[in-house]
Each structure stands twice: as C-alpha cells, then as structure tokens.
1. Considering the range B:380-397 alone, what residues qualify as being more than 19 Å from residue B:345 (Cβ to Cβ), open to solvent by less than 60 Å² (accessible area, probe 1.4 Å) and assigned to a helix (DSSP H, G or I)?
2. Exactly one of (1) buried (at least 18 other Cβ atoms within 10 Å of the Cβ); (2) more than 27 Å from residue B:289 (Cα to Cα); (3) modelled with pLDDT under 95 is unmet by residue B:420. Its number?
3. Could you check how many residues of the range A:1-27 are polar (S, T, N, Q) and touching a helix residue (DSSP H, G or I) at 6+ places or on another chain (Cβ under 8 Å)?
4. With respect to residue A:76, determine if the residue is out of contact with any strand residue (DSSP E or B) (no Cβ under 9 Å at 6 or more places or on another chain), modelled with pLDDT under 95 and over 30 Å from residue B:225 (Cβ atoms).
5. Does the range B:84-110 hold any residues that are of a type outside the set (Gly, Ala, Ser) and farther than 25 Å from residue B:162 by Cβ, and which are they?
6. Which numbered condition trips up residue B:250, out of (1) open to solvent by 20 Å² or more (accessible area, probe 1.4 Å); (2) at pLDDT 90 or above; (3) in contact with a Phe, Trp or Tyr (Cβ under 8 Å, 6 or more places away or on another chain)?
7. (1) without any contact (Cβ under 8 Å) to a residue 40 or more places away in the chain; (2) surrounded by 15 or more Cβ atoms within 10 Å (Cβ to Cβ); (3) away from chain B (no Cβ under 14 Å); (4) aliphatic (A, V, I, L, M): which one isn't true of residue A:48, the others all being true?
8. Can you list residue pairs whose Cβ atoms sit under 7 Å apart, with the first residue in the range B:503-518 being more than 9 Å from chain A (Cβ to nearest Cβ) and the second being open to solvent by less than 50 Å² (accessible area, probe 1.4 Å) and among the small types (Gly, Ala, Ser)? Count only pairs 6 or more apart in sequence or on different chains.
Amino acid sequence: MSDLANFGLEQRNGHPVARITGEIDASNAEEIGRRIRDSVTNQALGLIVDLSHTTYIDSAGIRLLFDLAGRLERRGLELHLVTAEPSQVAEVLDLVSLDSVAERHPSLAAATAALDQD
Amino acid sequence: MERSAEPADTGASTVAAGLQRVTEGRLAYLDLEDLLNELLDATVEILGADTAAMLLVEDDGRTLAARAAKGLEAEVERGFRLPIGAGFAGAVAATLKPVVIEDLDQSPVQVVNPLFREVGVRSLLGVPLVVEGRLVGVLHVGTLEPRPFSEDDIHLLQTVADRAALSIEHHRLALSHRVVEALQRGLLPERLPHIPELSFAARYVPATEAASVGGDWYDVVPLRDGRIAVAVGDVAGHGVAAASLMGELRTALRVYGLDGLDAAHTIEKLARFVSDRGIVSMATCAYATVDLDRSRVTLATAGHPPPLLVSPDGTQFVDQAAGPPLGASGHHEYEQTEFAIGPGELLLLYTDGLIERRGHRLSDGLAELAVVASDAPLDAELMCERVIAALPPDGSDDVAVLTIQNVATANGALALRLSARPDQLIVVRRALRRWLAGSDATDADVSATVIAANEACSNAIEHAYALSEASFGVEAQRGHDTVEVTVRDSGSWREPRGDHRGRGLSLMRATMDEVEVAPSTGGTTVRLVRRLGREEL
C-alpha cells in the first residue's frame, strides 16, 4: 500500500472493524479492498468499515465499497460504515447514494449497536 | 614449433613494430587476459622465441602466478604458482635481475616447473617487470634448441618488459578506477523523482585521478508528509572504501529523513550513526527539507560549504548555522536555518570539489560560483550545466551539484505535467489544494474542484494504460469568480463500462458546473469549470 493510507483491523463485540486512516484513491483502493475482504471471517454477522478518519475517497474507493456491499450481501451479511459528519467522505457517499447498499453511522458505537441488533 | 637456434632477428623494423604492439593505446581497452596475450605475441615475435610466459605478483606480494603463456599454455591452465625466490621465475623476481639458463639440461638453477621439460624447452631468459621500483611480475622466453642469449637479447627483453609493465599497471589502475566509478554511479540515484512544483537537476563528475575517486553523493527524497528532502555529501578519502561509506550514509540519511525529523535532528542522527559505527573517515553533508505549502526551506549542514540561493532579484549564500563534519569527535548538536524559496527561486547545493582549486583560496572559489550562478539562466538544468562548464572540475576531486527550483508559477495559474500513474493522483490533489488555499474559494469549492480534477486525472491515467512512458497534463486557472481545470492526456477515451465505471464522470458532473469531454485522435481533453462561492459541493 502506498503511504497514502493506513489500514487497521479490530474487533468490537465480535464484529470485525476495518479502519482506514488517510486517503483512498486509485493507487491503493484495490489493496485496501482486498484487506477488508480478508478481514471478514465465517463467524461474522457483518462488517464495519470505519471511514471516520478517512480524509479523501474517490471513485475507485467508492467502487470498492459497492463491490464489498455486493459480496457481503451474497453471503447474507451487512455492511455498516462509520463516517464523520460533515466530511469529504460523507459528502461524496451522499452524491453516489451509497446508503442504498450500506448503512452509515456517525460513530463506531452506533455501527456496533446496529450489528448487535441483527 | 621448429625454429633454428639463431640470435633474435634484430632487424630494426621488426623490433620497432614489436615494441609498438606493446604500447598501443588500444591495449588499454582489452581485458587483462587479452592484454597479456597480446604482449606475449609481440614478445615472441621480437625475440624470435618459441615460448613466452607472463607471471604476475599476487595480492599477497609473495607469490607469482602464471597469467598468460605462449607455447606453454598448460602453465596457465594448471594455475601454476610459485613463491618469489623459488625456481627460475622466482629467482628473477627475488633478484630483480635478468636470469639466463643457457641449457636446462645442465642448469644449476633449480627449475620448479615440470612443464619446461615436458615441452622441451632448452634455453630460458627471464626478466623482471618493475614499475617505480616495485615488482609487478616476470616475463620469460624460451627456445626449444639451446640458444646463447646475448646482452642485446637481454636488453631487448627488458625493454619489452618495461613497456609491458607500464601497460599492465595502467590497466590495473584504470580498472580500479572504473570499478569505483561504477560503484559510485550505481549508488547514485538514476533519476531524480518528479515533483511538479519543483524542478531538479544534478551533475556528478568523478575525479579523474584514479586514486581520488571518492564519496560524493546527492539525493532527493520525497518525505511522507509532503516535504521534499534534498542532500549533497562528501566522504573523505577515496576508492572503494569511500564509495561504500557514501552508500551507507546516503541510505541512513534517507531512513532518518523518512522518519519525519526536522533537518537539524536528521543531521544529528547521521552524525551519531557515524560515531557509533566507529567510522574513522569524516564526511560533510548539506541536508534540506523543502516545504512546498509554505515555500520554505529548512537547512542543516555538517562541515559543508554554504548552499547558494539564486533569485531574479539577487544571489546569495545561505547564512547557515554550520555544524562540524560528520565523524568529528565528541557529541555535537546541530542547528537549522529556515528561509523562503519563492516562485522561480533556485537553491544550489554542491560539494567542495566545485569551489576548491589547488593554489586558490576557498573564498575566491565561492565568489566565482556566486558570479557564475547569478549570470546563469534561472532554470535547474541549465544552471547545473552552466556551473559545471564555468567551473570545470580539475580532476583532483569529485564534484556533485544539485539544483532545486520552485517552479510554481507566479502568475496565478497552475500547470503540472505528471507521469500517468495512479500514485500521481495525490500530487494533483495536493497541488490543487495548495493553489486554492487562501483564495476566495470556499472549502466546498476546493473539495469539489479536487474531486472532479482527481476523477478526470484518474481517467487520463486509465486511458494511458497502453503507452509506456505516458504523461498527462493538468492546468488550472482562476477567472473572476470561477475556477477552470483542464486535464489533457494522449491516450484514448474509453466509454465507461460496467456498473461502477461511470461514477467518475457522474462525480465530475455533480461537483462542477461545466464538464466538457473532448476526445480526439491525439488524446482527450477534459474541461471542468466551477463557479465559486458555494457552501455545498
């Protein structure tokens, strides 16, 4: 991965949380997508992608999110996103109507709670 | 080979021609084995001998090794060696005098090499190869019939040997010089990185005196936080040792710089690296980080001459807080100096080989450099060329020159030319953010412009997939209340395919007021315009 972004993985209440700090663009989107996909275990009920520290996302990043949502859906899993409001990421995801395929939350706690309820 | 036992054909022309072969300039370009064989061919011809062999002193200084032979090829094949002092060749080497064996069958000299008898050599004449009083090897000739070598023969062979010794020694020096030079060039950056707002050029001229090729280096390293680090350095000493140390310092400096430390602390760490390693050699270094956002340079130096800042308004040496050279004993703290580098201004870093001339004062060299630089074109490449041409290295020391110019345009427009690679997108985004900062563009305006330009550039990069050295261009201009960005590539536009591919285009349309895509056979131009002053994307 280029120096643009850092990838972190943790667990919250048994749910995988992939956090990306930095910028996502065509130079690193593919690898980030791969790492996120690798973080989903068989036991997972869903996946949280924490974009609250992501400072930029472009169409390549958006593509990976849609792709991810599709894959998870085929496995009966949900994709939850954490985005800071307001932020470039939030505005861009609004523009492309990403909430048609993934639920967005203003905090990690809210995202975790949503998955707990399922 | 059958020959009559006659004295050497001392016909003047044969001898002259033979000697000529021994000293031909082209011998310098042959590898050592070919060189020795050429020398032996000439020797056999000049002396009218049946066999000839060249033994050279090994690195231990105590052993002779057969390196080439005529009529005695097995000597080389068998890797024949003998200690100086032993046998025939050893005797020549030990006494540094010619030795004659008139008839091997009756020789009092112990001949160690069984090959002579195997081949049927009867008479031998051997002479030492000496350069500046130092033994380099032994040259001997033999005949298959007994032959009384005359004083003339001995003198002739010695002359051949003297010339041959010089050729061999010259060859060794040149080889060593080439090795060091190759090592150094291998350690220097092949190409300077391309950073749109900065223009770089560099020259490295190695010392021509073989013993002096040493450890000068230059480097340009983009740091993680967007600053650019630049450095020049000079390791004392010469040869492989200096070049190796240079490589280590260059690597260490890169690592410390990439750790994100400021210039002073980076140099301090480098100084500690040198003293911790117990490195005895000293080195000088000038290290600077360029902050493009603020158009400022932070500089720290260790025993190094002051960089020169050249601007359209004047030329001056940077008033540096110079620290001691790396490797100077004791723990040292280093200071840093900060100064502005405005649009068009150029920073010149160099090593002391540029300003030092034997018999001239350093201050004169510095003054001359300042004059040359202020007259030179204010362009990174041309400045480098002019400086080297006006202050030509005299060959006694390496010279490294590095120029860095701030090429952000002063007239308000932005113009970038970038390689068509995805890792260049961040460069475009940073440049645009910087360009729009402090203007009347709102945060939303900046965000929107960056999003749209990024998508257009992303497409340009995708279009260029088939071209190996493709580049694309980004221009940005301000209108009264608009900003216009134009992205040009030389690839071929492809209609977006698949569910996701059209997103780039829709992002452009959602954020900009005008989006014009003009594909042509030569490439695609995308024009984006946004009216400024809005609070949302």
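1. Those that are more than 19 Å from residue B:345 (Cβ to Cβ), open to solvent by less than 60 Å² (accessible area, probe 1.4 Å) and assigned to a helix (DSSP H, G or I): B:388, B:390.
2. Residue B:420 satisfies all of (1) buried (at least 18 other Cβ atoms within 10 Å of the Cβ); (2) more than 27 Å from residue B:289 (Cα to Cα); (3) modelled with pLDDT under 95 except (2).
3. Total satisfying the criteria: 3.
4. Yes: the conditions hold for residue A:76.
5. If the condition is that a residue be of a type outside the set (Gly, Ala, Ser) and farther than 25 Å from residue B:162 by Cβ, then B:103, B:104, B:105, B:106, B:108, B:110 are the ones that fit.
6. Looking at each condition in turn, residue B:250 falls short on (2).
7. (1)
8. Matching pairs, first to second residue: B:508/B:452; B:508/B:456; B:512/B:448; B:512/B:452.
The values are calculated or read from the model by the stated rules, or taken from the named source; none is laboratory data. Just so it is clear, the structure is predicted and the values come from calculations on it, not from any experiment. No Cβ is skipped: glycine too gets one built from the backbone with ideal geometry, and neighbour counts run over all protein chains shown. With ligands, DNA and RNA removed, areas are computed over all heavy atoms of the protein, side chains included. Shrake-Rupley method; radii C 1.70, N 1.55, O 1.52, S 1.80 Å.
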